[in-house]
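**Q** Got a structure here, written out as structure tokens. Questions coming.
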Amino acid sequence: MKYLSHLLLSALSAFIPVGSTAGGIDFRTVPLPHSIALTPGDRPFSLTCNTIISAADSLSSEAAMLESWLPIATAPGARPGVISLRADLYDANPEAYTIEIAPDTLTINGASAAATFYGVQTLRKALAAATPAVDGSIDIPTGRIYDYPRFGYRGMHFDVARHFFPVDSVKSYLDMMALHGLNRFHWHLTDDQGWRVEIKSRPRLTEVGSRREGTIIGRTGPGYDGIPVEGYYSQQEIADIIAYAARRHITVIPEIDLPSHMQAALASYPELGCTGGPYEVWQRWGISPDVLCPGNDETMRFLDDVISEVATLFPGPNIHIGGDECPRTRWEECPKCQKRIRDLRLEDRDGVTAEARLQGYVTEYACDVARRHGKRAIGWDEILESNAPDDAVVMSWHSVTGGLEGVRRGHQVIMTPSQYCYFDYFQSPDGPDEPFAVGGLNGVDHVYSLEPVLPDFSDSDASLVLGCQANLWTEYVRTLSHAQYNVLPRMAALSEVAWTAPELKDYEDFRRRLLPLMAVYDSCGYNYARHVVEVAVDFEPDAQAEALVMTCSALPGYSIRYTLDGSEPTPASTAYTVPVSLRSDCVIKVNAFSPEGRPGRATCDTLAITPLTFGICEIVSQPYYVYAFKGAPQLVDGLHGTKYFRTGRWLGFSKSPLDATVTMRRPAQLSSVTFRTVVKPVDALADAASATLYGLPAGSDTWIELASETYPPDDPAADHHISTHTLSFEPRELSAIRLVAEPVAMLPPEHPQGGWPALMFVDEISAR
Ligand code: ACM
Ligand code: ZN
């Protein structure tokens, strides 16, 4: 006999079969529960297809979801154990739950239905580690799990304006959030490139604003693809999504980004802009100079109507009012805006311009409308640039500085510092193997390292930190599958930052616990990044030993194999056990094999030793910080990069020259020095403008100039490639060389990044 509660019986047609695989259940899930006390040795709870799920009426949705997540029954068991769901735990934290496992009953009890739901998710994930027993049952050792989240606000943002994602995709996104114990869905519904929420009082917002005619190619063109992007959510669809989220204990926070990022609204209602247009739904990325005109009374009525309608549509306690990236150039020129500034007596004062104060006026107005509807406004940290109302919640995306300033001024804050929380950044430096991304580098380990409460926060400061959130902007993300790849498994790292007590966090342990979570991803059909299970290879030059030392790591149970002849590693290749010192030219390939012998992705590096290799390298001005990696020693470590410049092999210089002095291990007869750059016009990567080489003759302390070259500007239409420069000279016995290579100070107008300084990437300086 198998059944749910009586009430579920009516909803779910008679009998609910429950699973049976067996053994190896692991409650050390992601996020890691607060305490796990198992007492193996007692008779375990046996999960079989006879197991009964019993739940009160109010938990019928949780019971149905648990039933759908349990393994499919394959064999009847001896005992009809009961999984009992309750929500009467007494705990100060409303999201706390316990899982009590006794031989005949497994009870998940939450301090609320949401808390019970998190307990159900933990059981679901714990079962993913189980391996089937012969009779098809799963033994769950008796004991007790007690868990609660660290923060009440555990958010994920989703930009559906840059690309539209249909209702089913949004629901899938909510499912992913629920799996990770996240509970706030920040829905970025409007932007320059599309308006996605039906507003009945302003129908043109979706009639006009929900469609753009095409999209710029790449980041900055040239050219547009001419493929329309359109779509919006009707109010009925929104209600459906809100209900779907609520069943997963997720609160939806709609964002109406104002007064900037409004070009789709201006295309719909041009009179709301300072110039009156015409405007198009923007086909470019970046920050449009055209923003709402707060000098116009109709703009303020528009804001009141839109926020009011949104407040009625979304039952949650918060509305996000944006506030980010607002250029004020149009306001400076607009007679209506200038009149508003005069009428409100706004002044340039204390380093805050009158136009910044005008944005403050709009922020206050929007917060007032939200408050009138019983809602509290959240804004990006730019709302601090002028007087934000005390009750506004500050979302810190400019690193943690917005959060710091917000707390200093007594605001509640949500931490979403871009370098840790932007899931549109690359998650691996493997250029050729990664989907196109906005830039940056934000790997799972980096997300995991976020600490939302800053070290110098007092207890009362810390109490203002509501929690943290990660953001998925979708300029370059067009499909759900791509969105999944960008958020998984970084969402797992976020969930542990948001949920798990800091003293329990441990990245290597987390990496191991990701494996069963990935089994859940597989069972859900999610597309996810696997970098964390790949072998990690690190190189460190050892000048003393004149060697490059290779250190590798992989997950426990994985075997690491490597080759030095460029061949693909196999399980029969040399096993890596301790760091390896490499002393001669070779092509190094490393891979890790799972316990079942499944290979990961092999790494490949080339070592080429020249008289400069392992010398002492000093540089005058440091590389641009994003591309500084390990700095100067990399220029003489013998390792050469591929044309993919984020791999860590290349140092990136901008504005100031590469001015490197290399003192060799011993004097050598040289006749040339070579350096290489990466050319990629669309990313502002340009060849050097010039290079000058100096030498220090052996036994002398006077530098002499050996060669000097200037290089023609790159062809703006050039493909992505490596440019090699060899500066030749009469053979000489030298003890040191100095290479000064100048980047292009400003790219010419015909270049795709015209007007910007170039980035010059250099991987190695070698000599013959
Ligand atoms: C933002 O990334 N503009 C909030
Ligand atoms: Zn104006």
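**Q** Quick one: which of T577, T551 is in contact with a Pro (Cβ under 6 Å, 6 or more places away or on another chain) and either assigned to a loop (DSSP other than H, G, I, E, B) or of a type in the set (V, I, T) (or both)?
**A** Result of the check over T577, T551: T551.
**Q** List every residue pair whose Cβ atoms lie under 6 Å apart, where the two residues are 6 or more positions apart in sequence or sit on different chains, the first residue falls within segment 659-686 and is farther than 12 Å from A718 by Cα, and the second residue, located anywhere, is of a type in the set (K, R).
**A** Hits for this filter: T661/R738; S672/R768.
**Q** Another question about this same structure. Please find, within segment 647-675, the residue that is surrounded by the most Cβ atoms within 10 Å (Cβ to Cβ) out of those that are among the small types (G, A, S) and at pLDDT 95 or above.
**A** A660
**Q** Tally time: how many residues in segment 676-693 are surrounded by 21 or more Cβ atoms within 10 Å (Cβ to Cβ) and within 16 Å of S621 (Cβ to Cβ)?
**A** 2
**Q** Can I ask one more? One residue is enough: does segment 307-317 have a residue meeting the conditions closer than 14 Å to P259 by Cα and in contact (Cβ under 8 Å) with a residue 24 or more places away in the chain?
**A** Looking through segment 307-317, at least one residue is closer than 14 Å to P259 by Cα and in contact (Cβ under 8 Å) with a residue 24 or more places away in the chain.
**Q** Considering only residues that are within 16 Å of ligand 1 (Cβ to nearest atom) and either of a type outside the set (A, V, I, L, M, F, W, C) or modelled with pLDDT of 95 or more (or both), look in segment 422-442 and name the one that is farthest from R601 (Cα to Cα).
**A** Checking each candidate, the answer is Y422.
**Q** Also, quick follow-up: Filter segment 290-299 down to the residues that are of a type outside the set (S, T, Y) and assigned to a helix (DSSP H, G or I), then identify the one that is farthest from I256 (Cα to Cα). Break it down stepwise before answering.
**A** Keep residues of segment 290-299 that are of a type outside the set (S, T, Y), which gives 290-298.
If we keep only those that are assigned to a helix (DSSP H, G or I) too, we end up with 297-298.
On the way: D297: 19, E298: 17 Å.
It comes out as D297.
**Q** Do we have any residue at all in segment 443-451 that's at pLDDT 95 or above, within 16 Å of ligand 1 (Cβ to nearest atom) and in a loop (DSSP other than H, G, I, E, B)?
**A** The answer is no, given that none of the residues of segment 443-451 is at pLDDT 95 or above, within 16 Å of ligand 1 (Cβ to nearest atom) and in a loop (DSSP other than H, G, I, E, B).
**Q** Please go through (1) at pLDDT 95 or above; (2) outside any strand (DSSP E or B); (3) closer than 20 Å to Y624 by Cα for T702 and return the number of the only condition it doesn't satisfy.
**A** With respect to (1) at pLDDT 95 or above; (2) outside any strand (DSSP E or B); (3) closer than 20 Å to Y624 by Cα, T702 is out only on (3).
**Q** Taking segment 175-190, which residues are in contact with a helix residue (DSSP H, G or I) (Cβ under 7 Å, 6 or more places away or on another chain) and under 28 Å from Q263 (Cα atoms)?
**A** Within segment 175-190, F185, T190 meet the criteria.
**Q** Shifting gears a bit: When you look at D240, is it acidic (D, E), at pLDDT 95 or above, crowded, with 20+ Cβ neighbours inside 10 Å and farther than 26 Å from W756 by Cα, yes or no?
**A** no
**Q** Residues that are under 32 Å from the mean Cα position of the chain (by Cα), away from ligand 1 (no atom under 16 Å from the Cβ) and of a type in the set (K, R): which helices (runs of 4 or more DSSP H) entirely in segment 300-405 hold 1 or more of them?
**A** 354-372
**Q** Same structure, new question: Tell me which of these L205 doesn't satisfy, since it passes every other one: (1) under 23 Å from the mean Cα position of the chain (by Cα); (2) within 30 Å of S268 (Cα to Cα); (3) not in a loop (DSSP other than H, G, I, E, B).
**A** Here L205 meets the rest and fails (1).
**Q** Just name the residue that is nearest to ligand 1 (Cβ to nearest atom) out of those in segment 452-472 that are at pLDDT 95 or above and in a loop (DSSP other than H, G, I, E, B).
**A** P452
One line per residue, one yes/no per condition, for (1) assigned to a strand (DSSP E or B); (2) in contact with a helix residue (DSSP H, G or I) (Cβ under 6 Å, 6 or more places away or on another chain); (3) among the charged types (D, E, K, R):
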{"position": "R512", "(1), (2), (3)": "no, no, yes"}
{"position": "L515", "(1), (2), (3)": "no, no, no"}
{"position": "F539", "(1), (2), (3)": "yes, no, no"}
{"position": "A592", "(1), (2), (3)": "yes, no, no"}
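Yes or no, residue by residue, for (1) within 27 Å of R328 (Cβ to Cβ); (2) of a type in the set (S, T, Y); (3) more than 16 Å from ligand 2 (Cβ to nearest atom):
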{"site": "D391", "(1), (2), (3)": "yes, no, yes"}
{"site": "S399", "(1), (2), (3)": "yes, yes, yes"}
{"site": "G406", "(1), (2), (3)": "yes, no, yes"}
{"site": "F426", "(1), (2), (3)": "no, no, yes"}
{"site": "A437", "(1), (2), (3)": "no, no, yes"}
{"site": "H446", "(1), (2), (3)": "no, no, yes"}
{"site": "L466", "(1), (2), (3)": "no, no, yes"}
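**Q** Please verify whether P716 is without any contact (Cβ under 8 Å) to a residue 40 or more places away in the chain, outside any strand (DSSP E or B) and surrounded by 17 or more Cβ atoms within 10 Å (Cβ to Cβ), treating the condition exactly as stated.
**A** Working: without any contact (Cβ under 8 Å) to a residue 40 or more places away in the chain: yes; outside any strand (DSSP E or B): yes; surrounded by 17 or more Cβ atoms within 10 Å (Cβ to Cβ): yes.
Yes: the conditions hold for P716.
**Q** Something else now. Could you list, in sequence order, the residues of segment 103-132 that are farther than 16 Å from L66 by Cβ and crowded, with 18+ Cβ neighbours inside 10 Å?
**A** A111, S112, A129
**Q** Which of (1) part of a loop (DSSP other than H, G, I, E, B); (2) surrounded by 20 or more Cβ atoms within 10 Å (Cβ to Cβ) does H157 not meet, given it meets every other one?
**A** (1)
**Q** Could you list, in sequence order, the residues of segment 561-620 that are under 30 Å from A767 (Cβ atoms) and aromatic (F, W, Y)?
**A** Matches in segment 561-620: Y562, F614.
**Q** Right, something else. Given the criterion within 14 Å of ligand 2 (Cβ to nearest atom), among the polar types (S, T, N, Q) and surrounded by 15 or more Cβ atoms within 10 Å (Cβ to Cβ), identify the matching residue among S268, S260, S308, S288.
**A** Checking each option against the conditions leaves just S260.
**Q** I need the full set of residues from segment 316-355 which are surrounded by fewer than 19 Cβ atoms within 10 Å (Cβ to Cβ), within 25 Å of K375 (Cβ to Cβ) and either modelled with pLDDT under 95 or of a type in the set (A, V, I, L, M, F, W, C) (or both), in order please.
**A** Answer for segment 316-355, where residues must be surrounded by fewer than 19 Cβ atoms within 10 Å (Cβ to Cβ), within 25 Å of K375 (Cβ to Cβ) and either modelled with pLDDT under 95 or of a type in the set (A, V, I, L, M, F, W, C) (or both): just L344.
**Q** When you check D381 against the structure, is it out of contact with any helix residue (DSSP H, G or I) (no Cβ under 8 Å at 6 or more places or on another chain) and of a type in the set (D, E), yes or no?
**A** For D381, the condition - out of contact with any helix residue (DSSP H, G or I) (no Cβ under 8 Å at 6 or more places or on another chain) and of a type in the set (D, E) - is not met.
**Q** Let me ask something else about it. So, in segment 33-63, how many residues would count as being in contact with a Gly (Cβ under 6 Å, 6 or more places away or on another chain), buried (at least 18 other Cβ atoms within 10 Å of the Cβ) and either without any contact (Cβ under 8 Å) to a residue 12 or more places away in the chain or outside any strand (DSSP E or B) (or both)?
**A** Of segment 33-63, the ones in contact with a Gly (Cβ under 6 Å, 6 or more places away or on another chain) are 37-39, 45-46, 48, 50-51.
Those still in the list that are buried (at least 18 other Cβ atoms within 10 Å of the Cβ) too: 45-46, 48, 50-51.
Those still in the list that are either without any contact (Cβ under 8 Å) to a residue 12 or more places away in the chain or outside any strand (DSSP E or B) (or both) too: 48, 50-51.
Number of matching residues: 3.
The values are calculated or read from the model by the stated rules, or taken from the named source; none is laboratory data. Because the structure is a prediction, the values reported are computed rather than measured. Counting neighbours? That spans all protein chains shown, and the Cβs are built from the backbone with ideal geometry, glycine included.
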